[in-house]
Amino acid sequence: MTFLRLSLAETVRAVPEAAWDALSCPLKPDPCHPQAGTRHLDARAPSPDGPSNPFTRWAFLDALETSGSVGNNTGWSPRHLLAHNADGALLGAMPLYLKGHSYGEYVFDHAWADALTRAGGTYYPKLVTAIPFSPATGPRILTSCETTRNALIQGGLAAARQLGASSWHVLFPDETDRQALESHGLLARHDIQFIFTSEGYRDYADFLDALASRKRKALRKEREIAQASVKIELLTGAEITEAHWDVFFACYLDTGARKWGQPYLNRDFFSLIGQSMADKILLVMASRDGRHIASALNFIGSDTLYGRYWGALDSHDSLHFELCYHQAIEYALAHGLTRVEAGAQGAHKLARGYRPRLVHSAHHIEHEGLRAAVARYLAAERPAMIAECAAMDAESPFKKE
């Protein structure tokens, strides 16, 4: 049996970048059976050149911490859970944050917090395993070893008690982690996101041909309006300069202001990811009369394009749809990507080829009374979400069989 030592780290820099990223690489010695010299293929990470999900990369998490977007007084205090063997080799890790609020998660538990407070309890701090401000499904327990995965789940439960947290929440886990978490008794919750999935489309025109005629004509008209008098550039890697980040950040701040919210990420964060993972970034820029007026930020995974942020400095009809949805599908199909995840919420994505799909979270609550009440609530919510997802999918713009 493999000996495991679990520990908490207050920064991802407690782990070398190569060691952290190797946890999500597909082809490596099986950490559960190192003596056998076997090779393990992790189906979650099909690319041999690093983690398939850009948000679990060391560089992304480090940029959040180094920029001060998490940590300090943000209400996101890193407590990453690490698993080492007897020789000190890192076998697994789990992003973990001690939180003093529920903002930036996109899985809403404010009613749970209110209920515990009214009952005389304290909901905060709580523990969250998530990628801050990133409602994208992906691995949350970074290991290819089932034994280590189970140990990290037990470690998460123990950490909640050790740190005096009311609860532990794992947000947007992939299927492997979701099943493991539920097998350890965490409560399952469903939500809905709108996700584009290629059905073998050769290009954007091929995708349009799969739509009903009226819907296809509407999207073509929408794109004509959006592209009128506007120049659109797609930038990645070294093409992205600090001047581009200045424009994008101004757009990002404008979106936050219009939504009466406080932007979570600061300017330094975007410079840091631009330096460390520019090849995983797609920046879509729109200009009119020689002036940039809008921008959308995407991250590139091994098979998925992740749309994250958008903003505009001037109005232009349908430009949001063009930059965030149409350009994303077109880029994905042109570069062999099979999915586009455009973020949380937004039923308007349905008409543009993004179909409703269930996404998941898992929850452990220490307080017995609150846990029982939440369990009853989720038991009723899950079938309602499944039914809602099916009903919306029936209204998709695709040709009916």
Amide H neighbours of I192 under 5 Å, counting only residues 5+ apart in sequence or on other chains, H built in-plane at 1.01 Å? V359
Name the residues whose placed amide hydrogens come within less than 5 Å of the amide hydrogen of L91, ignoring near sequence neighbours (fewer than 5 apart) on the same chain. A83, H84, N85
Would you list the P(r) distribution for the range 199-337, with all Cα-Cα distances sorted into 5 Å bins from 0 and each bin expressed as a whole %? 2, 10, 19, 21, 20, 15, 8, 4, 1, 0
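Sort 375-386, 75-86 by packing, meaning the average of other beta carbons within 10 Å per residue, with the highest value first.
Descending packing order for the listed peptides: 75-86, 375-386.
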Which chymotrypsin sites (Phe, Trp or Tyr not before Pro) in the range 238-310 pass both tests, a DSSP loop state and at most 11 other beta-carbon atoms within 10 Å? W260
Hey, what number do you get for the chain at 222 nm if only DSSP H runs of n ≥ 4 count, each worth -39500 (n - 2.57), divided across all residues, to the nearest 500? -10000 deg cm²/dmol
Stokes-Einstein at 4 °C, 1.567 mPa s, Kirkwood radius from Cα pairs: D for the range 58-158 in µm² s⁻¹? 86
At 0.36 nm per residue, minus the direct Cα-Cα distance, what do T11 and T338 gain on full extension? Give it in nm, one decimal, please. 114.4 nm
May I ask you to order 193-200, 213-220 by the average number of other C-beta atoms within 10 Å around their residues, highest value first? 193-200, 213-220
DSSP-defined antiparallel bridges as percent of all bridges, the chain, nearest 5: 90
How high is the relative contact order of the range 121-229, in percent, with contacts defined as C-alpha pairs under 8 Å that are six or more residues apart? 29
Sorted from largest down, give the three principal axis spans of the alpha carbons of the chain, whole angstrom values. 62, 46, 45
Could you work out the Rg to Rh ratio of the range 156-252, with Rh taken as the Kirkwood radius (inverse of the mean 1/r over all Cα pairs)? 1.16
For the chain, calculate the relative contact order in percent as a whole number, restricting contacts to Cα pairs under 8 Å that are 6 or more residues apart. 19
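Could you work out the relative contact order of the range 199-337? I mean the mean sequence separation of Cα pairs under 8 Å and 6+ apart, divided by the number of residues, in percent.
Relative contact order for the range 199-337 comes out at 29 percent.
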So K399 and A243, fully extended at 0.36 nm per residue minus their Cα-Cα distance, gain in nm 51.8 nm
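Throughout, read-outs are computed from the coordinates displayed, never taken from laboratory work. The model shown is predicted, which means the values in this text are computed figures rather than measured ones. Using ideal geometry, Cβ is built from the backbone for each residue, glycine included, and neighbour counts are taken over all protein chains shown.
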